[in-house]
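The structure appears right after this line, and notes come after that.
The values are calculated or read from the model by the stated rules, or taken from the named source; none is laboratory data. Note that this is a predicted model, so its numbers are computed, not measured. A quick note on method: Cβ atoms are made from the backbone with ideal geometry, for glycine too, and the neighbour counts reach across all protein chains shown. Side chains included, ligands, DNA and RNA excluded: accessible areas come from the protein's heavy atoms. Shrake-Rupley method; radii C 1.70, N 1.55, O 1.52, S 1.80 Å.
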Amino acid sequence: GAGVSQTPSNKVTEKGKYVELRCDPISGHTALYWYRQSLGQGPEFLIYFQGTGAADDSGLPNDRFFAVRPEGSVSTLKIQRTERGDSAVYLCASSFDGLTYNEQFFGPGTRLTVL
Amino acid sequence: AQRVTQPEKLLSVFKGAPVELKCNYSYSGSPELFWYVQYSRQRLQLLLRHISRESIKGFTADLNKGETSFHLKKPFAQEEDSAMYYCALKFGNEKLTFGTGTRLTIIP
């Protein structure tokens, strides 16, 4: 089947606005991860879901960032009051069950630009 | 705290020459290490993991706990190896810590 998909592929917004980024994991994958990749850096962990619950949100930079996965499939990353420093590529990944040795499959990313 | 260091941002190698991409890590626990690759206009994908001890596309990587290294090697570079390579460490709830990446360019 299809791999991990993310929408939109590009998002341009103004400082202070609210944005939502969507991730569709591979069907049947219970583990879902969000990463952020700033220019010239490697991906940086944000949050990990196991099923519907956020098992680890230690990477969220502040309370402007929030993510949900209400039915254990699609996830939405929400950013309030965006700042220019939020500009980055936001990557989503999923794996079969989040256990050791299970490969994380990455989506194409959403490029967020905050003007 | 866990950290992954890739000292080379850019690496250029002639076709047919050996390739070595360096990766060092710091982690107090038992590490699980990976190499991910991103080809031009493609998504990030797993190349290999240390636990599998496999060779993928001619690449190998050996975990050296004494030197805390996981260097990626290939004896004879090919043009299709040109890509961005990231070393990553898995810890905690399966989250990954990535290095800053090395852009490998193979010169024909």
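For this structure, a couple of remarks:
- Qualifying residue in region B:55-64 (condition: among the small types (Gly, Ala, Ser) and under 16 Å from B:VAL13 (Cβ atoms)): yes
- Hey, A:PHE105 touching a Ser or Thr at 6+ places or on another chain (Cβ under 7 Å) and open to solvent by 20 Å² or more (accessible area, probe 1.4 Å) or not: yes
- Residues being away from every other protein chain (no Cβ under 14 Å) and in a strand (DSSP E or B) - total across region A:11-32: 7
- Filtered by the rule that a residue be open to solvent by 60 Å² or more (accessible area, probe 1.4 Å) and in contact with a strand residue (DSSP E or B) (Cβ under 9 Å, 6 or more places away or on another chain), region A:62-84 gives A:PHE66, A:PRO70, A:GLN80, A:GLU83, A:ARG84.
- Within region A:33-43, being touching a residue at least 12 places away in the same chain (Cβ under 8 Å) and either of a type in the set (Lys, Arg) or at the interface with chain B (Cβ under 8 Å from one of its Cβ atoms) (or both) holds for A:TYR33, A:TYR35, A:ARG36, A:PRO43.
- Count of region B:31-86 residues which are open to solvent by 60 Å² or more (accessible area, probe 1.4 Å), more than 14 Å from every other protein chain (Cβ to nearest Cβ) and touching a strand residue (DSSP E or B) at 6+ places or on another chain (Cβ under 7 Å): 3
- Some residue of region A:44-54 being open to solvent by 10 Å² or more (accessible area, probe 1.4 Å), within 13 Å of chain B (Cβ to nearest Cβ), within 28 Å of B:GLU8 (Cα to Cα) and not in a loop (DSSP other than H, G, I, E, B): yes
- Matching residues, region A:72-93, being of a type outside the set (A, V, I, L, M) and within 10 Å of the chain's Cα centre (by Cα): A:SER75, A:THR76, A:LYS78, A:TYR90, A:CYS92
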